Amino acid sequence: MGKALVVVESPAKAKTINKYLGRDYKVVASMGHIRDLPKSKLGVDVDNDFEEHYESLASRKKVIKELKDAAKDASDIYVATDPDREGEAIGWHLVQELKGRKRKFHRLTFNEITKKAVQDAMNHPRAIDEKMVAAQRARRVLDRLVGYKISPLLWDKVRRGLSAGRVQSVALKLVCDREREIEQFVPEEYWNVYARLAGPQPPEFEAKLIKRDGDTLKVGNEEQSKAVVAELEQATWIVTSVTTKERKRHASPPFITSKLQQTSRFPVKKTMMLAQQLYEGGIEIPGLTGGLITYMRTDSVRVADEALVAVRDHIQSAFGPEYVPEKPNYYKSKSDAQDAHEAIRPTSLQHDPESVRQFLTADQYSLYRLIWNRFVASQMPAATFDETTVDVAAGPYLFRVKGSVPKFAGWMATYGLTPGEPEQKDTSTPAGAGSDADDDDAVSGVLPPLAEGDRLSLKALRPDQKFTQPPPRFSEATLVKELEENGIGRPSTYASIIGVLQDREYVSKHDGRFKPTMLGTMITDLLTKSFDDIIDVEYTRNLEDDLDKIEQGKTDYVRTLTGFYRKFKKDLSRAGKEMIDLKKGIEIGEACDKCGAPMLKRVGKFGPFIACSGYPDCTNTRELETSEPESENGEEEIEPCENCGKEMVMKRGRFGQFLACTGYPECKTTRKLIATKQGGLRAAKADQILDEKCPRCSSNLVLKQGRFGEFTACTNYPQCKYIKHKTTGVKCPKDAEQGGEIVERKSKRGKTFYGCSNYPDCDFVLWNRPVNEPCPKCGTPYLVEKTTKKHGRQILCNNEECDYARSEALPETAA
């Protein structure tokens, strides 16, 4: 009798689970999905109950063969794919591909990869959940219908290579709508007035003006602030109220996927990659045979009872009995949360972050510590502090200041904080339009002893000019928060959504925040006009609810898709006739400055641009993007062409935007644009002709700007292709007789390597920088420098048969 077959998704998980099951089981990995809808056609029969036509993935042919070979002698096949909709669907496809008369299929699910969890799952197998599979199939078909029906329409009306997506397009609209809010925002001036006061005892403190004659006061300009200050300088300052209340600050619940994505300092995609590594158990840690965390795709804050017992024991031993609440803390999940999996937590409290740090990368450690601290803190009591509010009267004006005194650190002890400090920088809550952190009451950490009726002395008045601020652009964290709060997509899809928006160049990042490109804005406007419901937040949220209802058995696959497709089909037909054809161009009411023909707004290979309608007789074009080159101080500055003196204009090419001479084709001068720290662009320096001569043809050398920075080349290019490379001072061991030196070079992808200066006659290369020093052990004429996380900077012998190595400190410039 053959071994029972266990199929998981990844090799790392297979390796871990194989340790638990013994010789009677064979564990193999499917590498994710093995079947999908075809790429070359729709793959969905819309006239026959939306029947799908799946085919094996070409990239999985070898895996499928290995799976079938492994299943030949197996009477029992256990599907142990991830415990979510996607994992259930992968399991369903595996069954379809591997089913046979004598084979029994069992579904295994576990929330953590530990020996106990895997053995419990083996003792309680179940069948594939057809309702979960139906929900995933419906999502896949909805996405396919939107993508494969609307994208060709964009190819026809705009240009090939564009795409639309059911969730992707809604996310893009959110970014575009936010940008419009910013553009339309009109800042309003206002002034805060602060008073520096001293009481009977030190220290001095600062209070903020909030009212006049009992009404909230708004100081709108400098003139009003001066008038208020003049009155206050003559006022008598008296404490009118002192109130002290105990405040509590409760811990946050343990992480769900979206909150982890919002709180982590990493991009969403990297956060999920690191979490997957911590979950799968592929990290070699002595005494640990499974994963460090539970399953990372969840929207439930539920925690298993045994985990609650373990964390309470840990808290008592690490912090003391006063840090253990009388009963465990329970948190309420969202109403639409799928409660199949626990919150994200450590699988064992025996492996604290510091004890496993040496086995993790810096990024893995950072994320694990974040998850660990959040989970431990969630089961500790509230932090408490006394908050004192002091009101001070100055004639008709009322000033207020608040002070707080920590009483009990509670859960904040996990982070080494006091009750008045934030747990961490909150990346999930953007400021709203017109908000400003300084609009809160003045806050002082420690206030002097004060009592009602105390007279205060005025030390200084500080009027502070402010302007209301527009809502900020979305960062990855705040976009995820917006999608989550609106019920759009699922946490497991957020990384791919954000990735597609960037890959399609619908959005760009400026200082870590998303700004829609001109192309992204145009696509959103076209889709809004033709498919108002498809990119409507409420409509998309209702579709997500319908998918949940399929999984719950409250509706079915066919009914949901039929209801969607009925209106979508009509919208698609209308859009084909009415959508603006940007390939033909849209007149902008401007005449060509070269031939007088109307100028058109069009979309080309590299984005939107303005072109003459007289093409091909007139090739006049210009850039449409709003980003303009700027100098170091932020002012717009475009120098004329250094070769002919004509104006330089923005163009877009294969590698993005650049400056080109308007004298083209007679003058072909171009200039690179470099991104600034502020998110704008500035023109690179013009080519500088040098006095130094080319060693090959005696022409002058020129300092130029390339894709990977400055370089020196011959002015006689392309007749002479000499490039001056930075020398390392080490003679080439292969071509020293011909004067070859090892010089610094760049690969096509910009990676630095070291090769002979006589290339292509000599092909000697090194990836590590050579050091002009012979090996003291074997006599090799040079050593190499290598820097790793584990060993730091080392000087090594490049001879494979020699083990000479020494450690050295990093140079100060690199530290």
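Quick one: count up the residues across the stretch 199-212 that are at pLDDT below 95 and surrounded by fewer than 16 Cβ atoms within 10 Å (Cβ to Cβ).
Matching residues across the stretch 199-212 total 5.
For the stretch 396-409, give me each residue that is modelled with pLDDT of 95 or more and of a type outside the set (Phe, Trp, Tyr).
If the condition is that a residue be modelled with pLDDT of 95 or more and of a type outside the set (Phe, Trp, Tyr), then 396, 398, 400, 401 are the ones that fit.
Within the stretch 61-68, is even one residue of a type in the set (Asp, Glu), modelled with pLDDT of 90 or more and closer than 30 Å to residue 149 by Cβ?
no
Exactly one condition in (1) part of a helix (DSSP H, G or I); (2) of a type outside the set (S, T, N, Q); (3) open to solvent by 40 Å² or more (accessible area, probe 1.4 Å) is false for residue 93; which is it?
Against the list (1) part of a helix (DSSP H, G or I); (2) of a type outside the set (S, T, N, Q); (3) open to solvent by 40 Å² or more (accessible area, probe 1.4 Å), residue 93 comes up short only on (3).
Does the stretch 305-313 include one or more residues that are surrounded by 20 or more Cβ atoms within 10 Å (Cβ to Cβ), under 24 Å from the mean Cα position of the chain (by Cα) and closer than 18 Å to residue 255 by Cα?
No; the residues of the stretch 305-313 include none that is surrounded by 20 or more Cβ atoms within 10 Å (Cβ to Cβ), under 24 Å from the mean Cα position of the chain (by Cα) and closer than 18 Å to residue 255 by Cα.
Could you say whether any residue in the stretch 572-585 is under 28 Å from residue 492 (Cα atoms), in contact (Cβ under 8 Å) with a residue 40 or more places away in the chain and not basic (Lys, Arg)?
No, because not a single residue in the stretch 572-585 is under 28 Å from residue 492 (Cα atoms), in contact (Cβ under 8 Å) with a residue 40 or more places away in the chain and not basic (Lys, Arg).
So, of the residues in the stretch 565-590 that are part of a helix (DSSP H, G or I) and in contact with a helix residue (DSSP H, G or I) (Cβ under 8 Å, 6 or more places away or on another chain), which turns out to be most open to solvent (accessible area, probe 1.4 Å)?
Ranking the candidates gives 578 first.
Residue by residue through the stretch 527-554, note down the ones that are open to solvent by less than 30 Å² (accessible area, probe 1.4 Å) and either of a type outside the set (D, E, K, R) or free of Cβ contacts under 8 Å to residues at least 12 places away in the same chain (or both).
So the first thing to find is which residues in the stretch 527-554 are open to solvent by less than 30 Å² (accessible area, probe 1.4 Å), and the list is 527, 530-531, 533-535, 540, 543-544, 547-548, 550.
527, 530, 531, 534, 535, 540, 543, 547, 550 - these are the residues of the stretch 527-554 that are open to solvent by less than 30 Å² (accessible area, probe 1.4 Å) and either of a type outside the set (D, E, K, R) or free of Cβ contacts under 8 Å to residues at least 12 places away in the same chain (or both).
Mind telling me which of the residues 718, 665 ends up being under 27 Å from residue 761 (Cα atoms), modelled with pLDDT of 70 or more and loosely packed, with under 14 Cβ neighbours inside 10 Å?
Exactly one of 718, 665 is under 27 Å from residue 761 (Cα atoms), modelled with pLDDT of 70 or more and loosely packed, with under 14 Cβ neighbours inside 10 Å, namely 718.
Select, from 524, 468, the only residue that is under 30 Å from residue 603 (Cα atoms) and either open to solvent by less than 10 Å² (accessible area, probe 1.4 Å) or among the hydroxyl-bearing types (Ser, Thr, Tyr) (or both).
Going through 524, 468 in turn, just one is under 30 Å from residue 603 (Cα atoms) and either open to solvent by less than 10 Å² (accessible area, probe 1.4 Å) or among the hydroxyl-bearing types (Ser, Thr, Tyr) (or both): 524.
How do the pairs read when you match residues in the stretch 587-603 that are more than 19 Å from residue 521 (Cβ to Cβ) with residues anywhere that are among the small types (Gly, Ala, Ser) and assigned to a loop (DSSP other than H, G, I, E, B), using Cβ under 6 Å and keeping only pairs 6 or more apart or on different chains?
Sorted first by the residue in the stretch 587-603, then by its partner, the pairs are 595/614; 597/613; 597/614; 598/613.
Can you tell me which of (1) open to solvent by less than 50 Å² (accessible area, probe 1.4 Å); (2) modelled with pLDDT under 80; (3) farther than 21 Å from residue 744 by Cβ is the one residue 678 doesn't meet?
(1)
Among the candidates 389, 418, 429, which residue alone is hydroxyl-bearing (Ser, Thr, Tyr) and modelled with pLDDT of 90 or more?
Exactly one residue qualifies, and that residue is 389.
Table: residues versus (1) within 28 Å of the chain's Cα centre (by Cα); (2) aromatic (Phe, Trp, Tyr); (3) exposed (fewer than 15 other Cβ atoms within 10 Å of the Cβ).
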position: 237; (1), (2), (3): no, yes, no
position: 242; (1), (2), (3): no, no, no
position: 255; (1), (2), (3): yes, yes, no
position: 272; (1), (2), (3): yes, no, no
position: 278; (1), (2), (3): yes, no, no
position: 281; (1), (2), (3): yes, no, no
position: 285; (1), (2), (3): no, no, no
position: 291; (1), (2), (3): yes, no, no
position: 297; (1), (2), (3): yes, no, no
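Pull out all pairs, ordered by first then second residue, where Cβ-Cβ is under 6 Å, the residues are six or more apart or on different chains, the first lies in the stretch 357-371 and is basic (Lys, Arg), and the second is surrounded by 15 or more Cβ atoms within 10 Å (Cβ to Cβ).
If the second residue must be surrounded by 15 or more Cβ atoms within 10 Å (Cβ to Cβ), the pairs left are 357/365; 369/353.
Yes or no, residue by residue, for (1) under 30 Å from residue 86 (Cβ atoms); (2) hydroxyl-bearing (Ser, Thr, Tyr):
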{"residue": "536", "(1), (2)": "yes, no"}
{"residue": "541", "(1), (2)": "yes, no"}
{"residue": "554", "(1), (2)": "yes, no"}
{"residue": "568", "(1), (2)": "yes, no"}
{"residue": "583", "(1), (2)": "no, no"}
{"residue": "605", "(1), (2)": "no, no"}
{"residue": "613", "(1), (2)": "no, yes"}
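Within the bounds of the stretch 5-18, is there any residue that is closer than 16 Å to residue 125 by Cα, part of a helix (DSSP H, G or I) and either at pLDDT 90 or above or touching a strand residue (DSSP E or B) at 6+ places or on another chain (Cβ under 9 Å) (or both)?
Yes, the stretch 5-18 contains a residue that is closer than 16 Å to residue 125 by Cα, part of a helix (DSSP H, G or I) and either at pLDDT 90 or above or touching a strand residue (DSSP E or B) at 6+ places or on another chain (Cβ under 9 Å) (or both).
So for the stretch 387-402 (the condition being farther than 30 Å from residue 548 by Cα and touching a Gly at 6+ places or on another chain (Cβ under 6 Å)), does at least one residue qualify?
yes
Scan the stretch 1-21 for residues that are open to solvent by 40 Å² or more (accessible area, probe 1.4 Å) and within 20 Å of residue 114 (Cβ to Cβ) and report the count.
Of the residues in the stretch 1-21, 4 are open to solvent by 40 Å² or more (accessible area, probe 1.4 Å) and within 20 Å of residue 114 (Cβ to Cβ).
If residue 260 satisfies every condition in (1) crowded, with 24+ Cβ neighbours inside 10 Å; (2) without any contact (Cβ under 8 Å) to a residue 60 or more places away in the chain; (3) aliphatic (A, V, I, L, M); (4) assigned to a helix (DSSP H, G or I) but one, which is the exception?
(2)
Across the stretch 315-328, which residue is nearest to residue 351 (Cα to Cα) among those that are in contact with a helix residue (DSSP H, G or I) (Cβ under 7 Å, 6 or more places away or on another chain) and open to solvent by less than 50 Å² (accessible area, probe 1.4 Å)?
315
So which residues in the stretch 339-389 are small (Gly, Ala, Ser), within 18 Å of residue 277 (Cα to Cα), open to solvent by 10 Å² or more (accessible area, probe 1.4 Å) and assigned to a loop (DSSP other than H, G, I, E, B)?
Across the stretch 339-389, the qualifying residue is only 348.
The values are calculated or read from the model by the stated rules, or taken from the named source; none is laboratory data. Source: prediction; values computed, not measured. Because the Cβ atoms are built from the backbone with ideal geometry, glycine has one as well, and the counts that use them run over all protein chains shown. The accessibility values were calculated without ligands, DNA or RNA, using every heavy atom of the protein model including side chains. Shrake-Rupley method; radii C 1.70, N 1.55, O 1.52, S 1.80 Å.
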